[in-house]
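The values are calculated or read from the model by the stated rules, or taken from the named source; none is laboratory data. All figures in this text were calculated on a predicted structure; none of them were measured in a lab. Heads up, the Cβs are rebuilt from the backbone with ideal geometry, glycines too, and the neighbour counts pull from every protein chain shown.
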Amino acid sequence: MLRSVLACLSLMGMFAPCAHASWLPIENVKVREDPTEMGGPKIVIEYDLPDPNISAATPAYVFVRYSKDFGDHWELLGADRLRGTGFGIVEEPGHKELILWGAEQAGIADLGQVEIRVRAVAMARIPAGSFALKGLPGAGRDEAKTSKPRSNLPLYYMARFETTVAMYADYLNEVGGEGAGWNRRMSRANRCGITQQSDHTYTIAPGRENHPVTYVSWYDAMNFLNWCGLRLPTEAEWEKALRGGYYLDGDRTKKQPNPLPERPFPWGEEAPDADGVLRCNFDGEDDGFARTAPVGQFAEFASPYGICDLAGNVAEWTLDWYSTSFHVGLDGFRVARGGSWMAVPVACDAVTGATQLPLKETSIMGFRGVLAPRR
Amino acid sequence: MTALNRRDFMRTSVGAAAAFAALPQKPSPGANDTIRIGVMGLGGRGTYLAERFAERSDTEIAYLCDPNTRRFARAREAVEEAQDASPKMVQDFRRILDDKNVDVLINATPDHWHGMGTIMACQAGKDVFVEKPLSHNIWEGRKMVEAARKYKRVVQVGMQSRSAPYVQKAKDYIQSGKLGEVHLVRICNMMKHPKQGDTPDGPVPKGFDYDLWCGPAAKLPYNPSRRWLNQWEYSCGPIAGDAVHQFDLARFLTDDIPYPKAVSQTGAINALRDGRDTPDTQMAILEYDGLTMMMESTLWTPYIKKIPASIRDSDQFPNWPFCSTKVEVLGTEGFMYFGRHGGGWQAYNAGGELVHSEYGRQADREHQDNFIDCLRTRKKPNADVEIGHLSVLPYHVANISYRVGNQRLELDAATESFSNCDQANKHIKREYRQGWSIPENV
């Protein structure tokens, strides 16, 4: 008998401007075990993905994690072991079913021992094709790179929202234990708001669920995304997501030219505060937020692919190195792209970046994931 | 960049000296006074220094300044996390100098701003922590010394290993005679730098006051791929800018030997042919009475490594033969390997046996402590401005030799000029852009 199943419901209902900024809602999760004629039982996981906004352009990324020791340890159920309609990139809402063949071989055939959790992330599809690469990865000084950055990228998917406090706290509570990706500064309620309890569970300060998680090191971000089955974007991927390709439907079909392929901001060419319109969360309180804003708060100023908050709110860790011989022995540097709630408006554009030691944990840096070819 | 108004012009030209000299000198901070600091230049080093001084209980970062506003957030966040007060964010460092409540200017700008920023700060009654290399050129370094002395300012140079206990022990060891008479010191700076990109010139990004960034130097067309380190307008070269640490330590170990009599040099751009001005290979020989120093520098040798921080701050030693920043001290009776910024040192006797080892540690904190102490006592700091001047001067000479066809140059210490090459003397001072001049009499 199944001990427990967690459908990771969104905590988003309380924030009207942004419908699905944390995990996407998943409902009616059912898990059963069916016998097969050969090879032992199979596990069938059913659930409903009700969000009507899920589409080929804005799909869900669904991943499944399981524990076979009553929740002490959890593992990602690799996509290569699953069949069905409801894992990885899912392009339609509705009832989903996925099947794990070889459950016995995987050691999880006894559902009395197993817990399964299904979670979904709101993504945007970024078709393959070329784009206007203006920012110089590593500010053009990355000697770890031996080839020029690519301005023609294959298909990839990017999270539409920055990783939230709620998502990160959920992760901490699953990976558990002392010091697992958490540091004391995260408990500052006005800048992050995740507190570690004496039993090493993690709670969220009221109202902070939907804010981007901050004080995360590059390693924290990587660990979270590995946990999901995603990775950090490269600088090129980040920049293309902001500007859009020369064709928003990609170079294969070329039916939808990007009207502003060299746009400096996700919404176009206007400065974030031009004409009294506030388009993202930058320095000061004019935009309504002294520090971080709940993710998706400026959704009408999203990128051509519907990706929110690439300008402002928090700068975002990328996969790219920044390394010169001056920095050897300093653990290397990584690049964070984009502006933040502390940045001047012009610094919320497509080319702004800052180099940081990967251990750095700041109140102005967060991250989001991509599903993309390995680098 | 907006055009300089008359007030700005007066400050930055000959009138500047008179204008700031007329200011009453700020009294020295008392033992319990919080020292208020403005930081000029918010690159990696400026941000690092701002954070370190913000963490101290006896200092406060009052201003953060950079012509490029895109650099504001990283530095501001680091400072606000470390101290209670929020710093003022400004693009123009003259606003720091205008504030009578500011005690100190930290100057962590590119080389071309070290001199003018420091001199103007001295004139405004500020003490200065200026990053190495002290100066862009020989003449400017001397003017920095004169300004510090004239206005009775403490000027510490960011050559932090001067404050490291292991360095003093090495000097004591050498002076005890255990190496015999020292007649040769080899200074190594073997790096791996990337080529510059080939991006075409382009528009200046919004939010970046490029005209102010260029300041006293020539205003080249903006190019996002250009590294200021590789252009004579803005730099004395990436070799001089980094190797000055080792040469300064070599001077310290040899009892702060002052001027070489002559400098022979061969330099070239052998590998990094990317449009840069500055050489990627330099071998210089400095002639002193009874002592020769050799400076061996490259920018294309990846197999020779900087000492990792994990070794520099631990009870370990570098792999000396492949250490990119080592100093070798050769005496008549012994030999010493010496590392910078930690890394320690090891001494060998005439038989080649290891006879003494001393572990090292980085000394940024000690160097900052020394600076703060000197602000209160008004003593000269460990890396006083004149030490900084004399430690970078031979590299300026080597650069000038390169620029006049690798000629051997004989140095007249009294005038800090060359007695055998008029052409070389033309490079002792640079051209200053209109509106930004340093007067002969600072």
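Being surrounded by fewer than 24 Cβ atoms within 10 Å (Cβ to Cβ), within 14 Å of chain A (Cβ to nearest Cβ), without any contact (Cβ under 8 Å) to a residue 24 or more places away in the chain and under 18 Å from A:Trp341 (Cα atoms) is a condition met by no residue of the range B:89-112. Restricted to the range B:56-83, and to residues there that are acidic (Asp, Glu) and buried (at least 23 other Cβ atoms within 10 Å of the Cβ), the residue that is nearest to the other protein chains (Cβ to nearest Cβ) is B:Glu77. On inspection, A:Arg291 qualifies as at pLDDT 95 or above, of a type outside the set (Gly, Ala, Ser) and touching a Phe, Trp or Tyr at 6+ places or on another chain (Cβ under 8 Å).
Considering the range B:277-315, and only residues there that are within 13 Å of chain A (Cβ to nearest Cβ) and out of contact with any strand residue (DSSP E or B) (no Cβ under 9 Å at 6 or more places or on another chain), the residue that is surrounded by the most Cβ atoms within 10 Å (Cβ to Cβ) turns out to be B:Arg312. Suppose the filter is part of a loop (DSSP other than H, G, I, E, B), away from chain A (no Cβ under 14 Å) and surrounded by fewer than 16 Cβ atoms within 10 Å (Cβ to Cβ); does B:Pro221 pass it? Yes, satisfied. Looking across the range B:282-334, the residues that are among the aromatic types (Phe, Trp, Tyr) and in contact (Cβ under 8 Å) with a residue 40 or more places away in the chain come down to B:Trp300, B:Phe317. Residue-level check: of (1) within 13 Å of chain A (Cβ to nearest Cβ); (2) surrounded by 18 or more Cβ atoms within 10 Å (Cβ to Cβ); (3) outside any helix (DSSP H, G or I), B:Tyr234 misses just (1).
Of everything in the range A:333-375, what is aromatic (Phe, Trp, Tyr) and either modelled with pLDDT under 90 or more than 19 Å from A:Ala302 (Cβ to Cβ) (or both)? Give them in sequence order.
First pass over the range A:333-375, keeping only residues aromatic (Phe, Trp, Tyr): A:333, A:341, A:367.
Selection gives A:Phe333 alone.
Out of all the residues in the range B:329-356, which are in a loop (DSSP other than H, G, I, E, B) and among the polar types (S, T, N, Q)? The answer is B:Thr332, and nothing else. Scanning the range A:298-323 for residues that are surrounded by fewer than 24 Cβ atoms within 10 Å (Cβ to Cβ) and at pLDDT below 95 yields a total of 3.
Name the one entry in B:Val185, B:Val130, B:Val167 that is buried (at least 18 other Cβ atoms within 10 Å of the Cβ), touching a residue at least 40 places away in the same chain (Cβ under 8 Å) and not assigned by TED's automatic domain parsing to the domain that holds B:Ile239. Explain how you work it out, then say what you get.
Numbers: B:Val185 fails: not assigned by TED's automatic domain parsing to the domain that holds B:Ile239; B:Val167 fails: not assigned by TED's automatic domain parsing to the domain that holds B:Ile239.
None of the other options fit; the residue is B:Val130.
Test B:Gln434 against the criterion of being of a type in the set (S, T, N, Q) and in contact (Cβ under 8 Å) with a residue 24 or more places away in the chain, and give yes or no. Here the answer is no, as B:Gln434 does not meet what is asked. Among the residues of the range B:191-209, are any more than 12 Å from every other protein chain (Cβ to nearest Cβ), touching a residue at least 12 places away in the same chain (Cβ under 8 Å) and on the phi > 0 side of the Ramachandran plot? No: zero hits.
From the list A:Phe289, A:Phe265, A:Phe333, exactly one residue is within 14 Å of chain B (Cβ to nearest Cβ), in contact with a strand residue (DSSP E or B) (Cβ under 7 Å, 6 or more places away or on another chain), in contact (Cβ under 8 Å) with a residue 24 or more places away in the chain and not basic (Lys, Arg). Which is it?
Result of the check over A:Phe289, A:Phe265, A:Phe333: A:Phe333.
What do you reckon, is B:Leu229 assigned to a helix (DSSP H, G or I), more than 23 Å from B:Gly360 (Cβ to Cβ) and touching a helix residue (DSSP H, G or I) at 6+ places or on another chain (Cβ under 9 Å)? It is true that B:Leu229 is assigned to a helix (DSSP H, G or I), more than 23 Å from B:Gly360 (Cβ to Cβ) and touching a helix residue (DSSP H, G or I) at 6+ places or on another chain (Cβ under 9 Å).
Any residue in the range A:210-222 that is assigned by TED's automatic domain parsing to the domain that holds A:Val335, surrounded by fewer than 22 Cβ atoms within 10 Å (Cβ to Cβ) and either touching a Phe, Trp or Tyr at 6+ places or on another chain (Cβ under 9 Å) or under 17 Å from A:Ser303 (Cβ atoms) (or both)? Scanning the range A:210-222 turns up at least one residue that is assigned by TED's automatic domain parsing to the domain that holds A:Val335, surrounded by fewer than 22 Cβ atoms within 10 Å (Cβ to Cβ) and either touching a Phe, Trp or Tyr at 6+ places or on another chain (Cβ under 9 Å) or under 17 Å from A:Ser303 (Cβ atoms) (or both).
Would you call A:Phe367 under 17 Å from B:Arg74 (Cβ atoms), away from chain B (no Cβ under 13 Å), touching a residue at least 12 places away in the same chain (Cβ under 8 Å) and not acidic (Asp, Glu)? First the steps, then the outcome.
Details: under 17 Å from B:Arg74 (Cβ atoms): yes; away from chain B (no Cβ under 13 Å): yes; touching a residue at least 12 places away in the same chain (Cβ under 8 Å): yes; not acidic (Asp, Glu): yes.
Yes, satisfied.
Of the strands (runs of 3 or more DSSP E) that lie entirely inside the range A:144-239, those containing 2 or more residues that are in contact with an Asp or Glu (Cβ under 9 Å, 6 or more places away or on another chain) span A:156-159. Screening B:His427 against (1) farther than 22 Å from B:Ala164 by Cβ; (2) of a type outside the set (D, E, K, R); (3) in the same structural domain as B:Gln265 (by TED's automatic domain parsing) leaves a single unmet condition, (3).
Among the residues making up the range A:348-363, a single one is at the interface with chain B (Cβ under 9 Å from one of its Cβ atoms), in contact (Cβ under 8 Å) with a residue 40 or more places away in the chain, surrounded by 24 or more Cβ atoms within 10 Å (Cβ to Cβ) and of a type in the set (Gly, Ala, Ser): A:Gly353. In the range A:81-134, the residue that is modelled with the lowest pLDDT out of those that are buried (at least 21 other Cβ atoms within 10 Å of the Cβ) and among the small types (Gly, Ala, Ser) is A:Ala103. For B:Asn270, are the conditions met, namely being surrounded by fewer than 19 Cβ atoms within 10 Å (Cβ to Cβ), free of Cβ contacts under 8 Å to residues at least 40 places away in the same chain and away from chain A (no Cβ under 14 Å)? Against the criterion (surrounded by fewer than 19 Cβ atoms within 10 Å (Cβ to Cβ), free of Cβ contacts under 8 Å to residues at least 40 places away in the same chain and away from chain A (no Cβ under 14 Å)), B:Asn270 qualifies.
Just so you know, in the range A:20-39 the residues that are exposed (fewer than 15 other Cβ atoms within 10 Å of the Cβ) and not charged (D, E, K, R) include one that is modelled with the lowest pLDDT, and it is A:Gly39. Checked against the criteria, B:Gly177 counts as on the phi > 0 side of the Ramachandran plot and more than 14 Å from chain A (Cβ to nearest Cβ).
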